[in-house]
Amino acid sequence: MTRAFNFNAGPATLPQEVLEEAREELLDYRQGGASVMEISHRGKLYDAVHTEAVENFSKLLGCPDDYAVLFLPGGATMQFAMLPLNLLSAGRTADYINSGSWAEKALKEAKLVGRVNVAADTSKAQPARLPVADELQLTPGAAYVHITSNETIAGTQWKEFPRSDSPLVADMSSDILSRPFDIKQFGMIYAGAQKNLGPAGISLVVMRKDLAENAPANLPQMLRYKAHLEANSLYNTPPTFSIYLMMLVSRWILKQGLENLYRRNAEKAARLYAVIDAGGFYRGTAAPEYRSDMNVTFRLPTEDLEKQFLKQAEELRLQGLKGHRSVGGVRASIYNAMPEAGVEALCGFMREFEAKNG
Ligand SMILES: *Cc1c(COP(=O)(O)O)cnc(C)c1O
């Protein structure tokens, strides 16, 4: 056993079972004489993979018939651009809630395309938090309202999504399928795969089909949701191996059960926050009611102690705990695939480190 506990924010740890299965099938997929990445994306073997991936995600998210499940290249950042290019038509306004670094990136991209209203801004709040309902200044008739369901860097997570009359759109990159929610609250959700769903460079996009009708006539096909929707994400050669891995992860999530995963995720996070709150040595950086179950962010009394903490953790094969370069500190990313044993090991190390240095 050579695998470490990997707390990286993304790309992040994947379920070991999934990696083993992919290894098992790598050279000769289903007796086809080749790997999944070497066969036609229009052939029978790959078609079964693609169809199962669409069906599994549709099932996991409880999608009604008027929603489409898409696999699009380019990661979540590509969606920052595609979303306004398709939905923010001339003369309309899109509302963006700026809750931190990722929300801000999304809204900056939208500003290049059209008119944006910042409906609330908690991006500079210390401790990190999210806006409450009566802080929101929503535009009547907005093309859409954009939120970031989990701020991966700040370590905040919406526990209840805001309501609006305009279609709600969420960047769910860092908490997709970590908990159940009602997809019908949203016009569209999207997520880069590398946190909870698979490898980097591809996004899951789930959208109400009618929203794909609004794109301007001069938008190139490859940037157009409708082109991908009509082609069932086979408009061009899709990232077949990534979709295959996402299909394996979707199977794994179905096997775990979303409710079970949610309960386990909440427990894992609660354990870490309990250690943080116990002694006054560690300091959580997010306000308790907005704390993320996915990215647990905290500081130590000094930057020097943080350096020692990270170094010693690394020696114990607790990897990837360094906070984002823009904020420093420590961040434990504990997505679906982080086993309880990893969180237990980290809690144990934190208590020991505190006992020695507190
Ligand atoms: C990681 C992340 C992104 C960026 O994803 P890319 O695949 O690098 O484009 C966007 N939004 C959130 C919330 C993220 O956590």
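Derivation of every value follows stated rules applied to the coordinates shown; laboratory data play no part. Note that the structure is predicted; figures quoted are calculated from it, not measured. Neighbour counts run over all protein chains shown; Cβ positions are idealised from the backbone, glycine included.
A few notes on this one:
- Each label was represented as a point 7 Å from its Cα along the Cα-to-Cβ direction; for Arg317 and Lys105 these points are 3.1 nm apart.
- Alpha carbon centroid spacing (whole Å) that separates segment 172-188 from segment 18-57: 26
- Sequentially through segment 305-319, phi angles give Karplus couplings (6.51, -1.76, 1.60; θ = phi - 60°) of 5, 4, 4, 5, 4, 5, 5, 5, 4, 4, 5, 8, 6, 9, 9 Hz, Gly and Pro residues having no value and appearing as x.
- Student exercise, segment 268-358 dipole from Lys, Arg, Asp, Glu Cβ charges, in Debye to nearest 20: 180
- Whole-Å distance, taken between Cα centres, linking segment 308-358 and segment 115-144: 32
- For the chain, the dipole from Cβ point charges (+1 on Lys and Arg, -1 on Asp and Glu) about the Cα centre works out to 480 debye, to the nearest 20.
- Of all DSSP bridge pairs formed entirely within the chain, close to 55 percent run antiparallel.
- Per residue, the convex hull spanned by the alpha carbons of the chain comes to 130 Å³.
- Using the Cβ-Cβ distance between Thr2 and Arg351 with R0 = 25 Å, the FRET efficiency computed as 1/(1 + (r/R0)^6) comes to roughly 0.45.
- Protection proxy ranking of 24-30, 93-99, 109-115, 335-341 - average other beta-carbon atoms within 10 Å, highest first: 93-99, 335-341, 109-115, 24-30
- Rounded to the nearest 20, the Cβ-based charge dipole of segment 90-197 about its Cα centre (Lys and Arg +1, Asp and Glu -1) stands at 180 debye.
- Along each principal axis, Cα extent of segment 228-358, largest first, Å: 59, 30, 29
- Expected 222 nm ellipticity per residue - DSSP helices of 4 or more, -39500 (n - 2.57), all of the chain, to 500: -12000 deg cm²/dmol
- The label point for Glu55 and the one for Arg23, both projected 7 Å from the Cα toward the Cβ, are 2.9 nm apart.
- Ranked by how many other beta carbons lie within 10 Å on average, peptides 82-90, 131-139 from highest: 82-90, 131-139
- Amide N proximity, segment 206-221 versus Ala231 label position 7 Å along Cα-to-Cβ, cut-off under 16 Å: 219-221
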